[in-house]
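J.: The following block contains the structure, expressed as structure tokens.
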2 protein chains.
Amino acid sequence: MRIPEPILILTDDDLLAERWKALAPAVIRAREVEALDTWHKAGHRLVVTDLSRPRIGSKTLWTEAAWLRNAGGLAILAASSRPDDDEGLAALKAGACGYCHSHAPIDTLRQALEVIESGELWVGRALLSRLLRLVDTRLPRAGLADWATPLTEREREVAHHAAIGESNPGIADALGITERTVKAHLKAVFEKLQVADRLQLALRVHGVR
Amino acid sequence: MRIPEPILILTDDDLLAERWKALAPAVIRAREVEALDTWHKAGHRLVVTDLSRPRIGSKTLWTEAAWLRNAGGLAILAASSRPDDDEGLAALKAGACGYCHSHAPIDTLRQALEVIESGELWVGRALLSRLLRLVDTRLPRAGLADWATPLTEREREVAHHAAIGESNPGIADALGITERTVKAHLKAVFEKLQVADRLQLALRVHGVR
DNA sequence: ACGCACCCTGTCCTTGTGGACAATAGCGGA
DNA sequence: TCCGCTATTGTCCACAAGGACAGGGTGCGT
């Protein structure tokens, strides 16, 4: 059993809470959205919440103040008893790190938690397939490799390593060349792309402004 | 160490193969795409492949006959030494079950394998975020509040300026404070966000992983 | 009054980075 | 063959960046 980190379970469905208690050794159960505040303040991150049950009139969970306050700092797995793609998209948009069926096998839930605990996002196969189909139907997006065109093959490699935050010695080590050579390539890259330093390069490579 | 199932490693990069050997107790390494045939016939499912290295001219891996024959029956994790969104989309469309950085931490790769081994799909945070953004262009700040939450107001300002490539004197000038103060704020920012330098900070702020 | 968090500034010091000079070697086109 | 592009490596140097010590000032809650 992994997930040593404590988990907050947010639902007022007793049966669900009982099921989810098997997720990890340390599980706290709450019924009110405000529990997110204390959870965040206590330095915890992991949350599993039932989107259907903390009933808050007709509003959705992620319009609640407590959600908005803490969604950024927490890793929330949103579960729905009747998952649908739009709800999933909305949940992720609102800062949830994962979306799944609330009655999914406990092992699946645990895996989803492990994934979001490590900083990734978790999206079920169905929703992800739909996402892929959606972007596939309308993707005119090209020119992402715009920055790479004027560069030589070797310069591209060095530029990429630099753009993801590696140091010159690190790049040299990764490519099996000298740090001096890395500098030479980077100098050429800076010149060709008209940037001043590796940070500007990173922004260019990752398509920031 | 989980993943009791044997894994096929497909790459002609010796260093990468060496790294990936730590993925599971049972790891078979191959250099040719045709290895997928025997792997599938032997009743195995898990494959990790380097998109860059089994060099097949200018063609991509998934236009190979061996890929097309087996992609449906295998669970393939495609890794790229220079991941880019278009390549990832293409790989998933071609039947890969996951797409990630070939030099990602071994634990991340293992987790990805566990996910696709259980029948799900794996997509890294960066690509997934972009997918979500593509589907709903106004994905506001699912990542902004993330890095900003632990910071104070002033630290946020400094972090933002640093993340768009401004130098310390530049930031100091922009905020009307001393360069020394900028450094102090940045030191706190680095500490709180657990990053080593301003480039890592920029990547975090702009949602790049 | 005291602690605490935040904001501000100071002086060293080490290291990484980028530029300014180089040089050598391979490879392909004119 | 010569020229140009590419890849590689060298040394020296100026500067930015980040850490390691310092502090001082304000406001706020107990």
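Laboratory data are not the source of any read-out in this text; all were calculated from the coordinates shown. The shown structure was predicted, so the numbers you read here are calculated from the model rather than taken from an experiment. Quick reminder, even Gly has a Cβ in these numbers, built from the backbone with ideal geometry, and neighbours come from all protein chains shown.
J.: Please work out how much length the chain gains when fully extended from A:Ala196 to A:His101, using 0.36 nm per residue of separation minus the C-alpha to C-alpha distance, in nm with one decimal.
T.: Numbers: separation 95, 0.36 × 95 = 34.20 nm, distance 4.84 nm.
Gain on stretching A:Ala196 to A:His101: 29.4 nm.
J.: Applying 1/(1 + (r/R0)^6) with R0 = 25 Å to the Cβ-Cβ distance of A:Thr149 and A:Lys183, what FRET efficiency is obtained, to the nearest 0.05? Before the final figure, lay out each step's value.
T.: On the way: r = 22 Å, r/R0 = 0.90.
About 0.65, to the nearest 0.05.
J.: B:Glu191: net charge of surrounding residues, Cβ under 14 Å, Lys/Arg +1, Asp/Glu -1, itself excluded? Spell out each step's value before the answer.
T.: On the way: positive: B:Lys183, B:Lys187, B:Lys192, B:Arg198, B:Arg204; negative: B:Glu155, B:Asp197.
Net charge around B:Glu191: +3.
J.: Once you compute Rg and the Kirkwood Rh from C-alpha atoms, what is the Rg to Rh ratio for chain B? It would help to have the intermediate numbers written out before the result.
T.: On the way: Rg = 21.1 Å, Rh = 19.2 Å.
Rounded to two decimals, Rg/Rh equals 1.10.
J.: Which value in Å is the Kirkwood Rh of segment B:144-205 over different Cα pairs? Mind showing how you got there, number by number?
T.: Values: mean 1/r = 0.0896 Å⁻¹.
In segment B:144-205 this quantity evaluates to 11.2 Å.
J.: In the structure displayed, which of B:Lys93/B:Lys187; A:Lys187/B:Lys21; B:Lys93/B:Lys192; A:Lys183/B:Lys187; A:Lys183/B:Lys93; A:Lys93/B:Lys192 lie more than 32 Å apart, Cα to Cα?
T.: Working: B:Lys93/B:Lys187 43 Å; A:Lys187/B:Lys21 36 Å; B:Lys93/B:Lys192 39 Å; A:Lys183/B:Lys187 27 Å; A:Lys183/B:Lys93 38 Å; A:Lys93/B:Lys192 24 Å.
Cα-Cα > 32 Å for B:Lys93/B:Lys187; A:Lys187/B:Lys21; B:Lys93/B:Lys192; A:Lys183/B:Lys93; rest within.
J.: While we're on this one: Can you pull the mean other chain C-beta count within 10 Å for peptide B:79-85? List each step's numbers first, then the result.
T.: Details: counts 0, 0, 4, 10, 2, 5, 5.
The shielding value for this peptide is 4.
J.: Using the number of other C-beta atoms within 10 angstrom as an exposure proxy, rank B:Leu113, A:Leu10, B:Leu68 with the fewest first.
T.: On the way: B:Leu113 26, A:Leu10 29, B:Leu68 13.
Listed from fewest to most nearby Cβ atoms, that is B:Leu68, B:Leu113, A:Leu10.
J.: Consider all pairwise Cα distances in the protein assembly as shown and report the whole-number % of them above 37 Å.
T.: Values: 23893 of 87153 pairs.
Above the 37 Å cut-off, the protein assembly as shown has 27 percent of its Cα pairs.
J.: Could you work out the helix-only [θ] at 222 nm for chain B, with each DSSP H run of four or more residues adding -39,500 (n - 2.57) and the total divided by the number of residues, to the nearest 500 deg cm²/dmol? Write out the running numbers ahead of the final one.
T.: On the way: 11 runs with 99 residues, N = 209.
That comes out to -13500 deg cm²/dmol.
J.: Charges on Cβ only, +1 for Lys and Arg, -1 for Asp and Glu, centred on the Cα centroid of the protein assembly as shown; of A:Val158, B:Gly88, B:Leu51, which one is farthest towards the dipole's positive end?
T.: Final value for the positive-end residue is A:Val158.
J.: Moving on. From other protein chains only, count the Cβ atoms within 10 Å of every residue's Cβ in A:107-117, then give the mean. Walk me through the numbers on the way to the answer.
T.: Values: counts 1, 4, 0, 0, 6, 2, 0, 3, 8, 1, 1.
Average per residue, whole number: 2.
J.: Compute, for the protein assembly as shown, the length of the dipole vector about the Cα centre, with Cβ point charges of +1 (Lys, Arg) and -1 (Asp, Glu) only. Units Debye, rounded to 20. Present the calculation step by step, with values, prior to reporting the outcome.
T.: On the way: 56 positive and 56 negative charges, 72 e Å.
Here the size comes out at about 340 debye.
J.: Charges only on Cβ, +1 for Lys and Arg, -1 for Asp and Glu: so what's the dipole of chain B about the Cα centre, in debye to the nearest 20? Could the numbers behind the result be given before it?
T.: On the way: 28 positive and 28 negative charges, 41 e Å.
About 200 debye.
J.: May I ask for the distance between the Cα centers of segment A:159-209 and segment B:168-209, given as a whole number of Å?
T.: 20 Å
J.: Let me ask you something else. Lys/Arg Cβ at +1, Asp/Glu Cβ at -1, dipole of the protein assembly as shown taken about the Cα centre: which of A:Ala22, B:Val189, A:Ile116 is farthest positive-ward?
T.: Farthest towards the positive end: B:Val189.
J.: Report the FRET efficiency, 1/(1 + (r/R0)^6), for A:Glu34 and B:Lys21, where r is their Cβ-Cβ distance and R0 is 45 Å, rounded to 0.05.
T.: Working: r = 49 Å, r/R0 = 1.08.
With R0 = 45 Å, the Cβ-Cβ based efficiency is 0.40.
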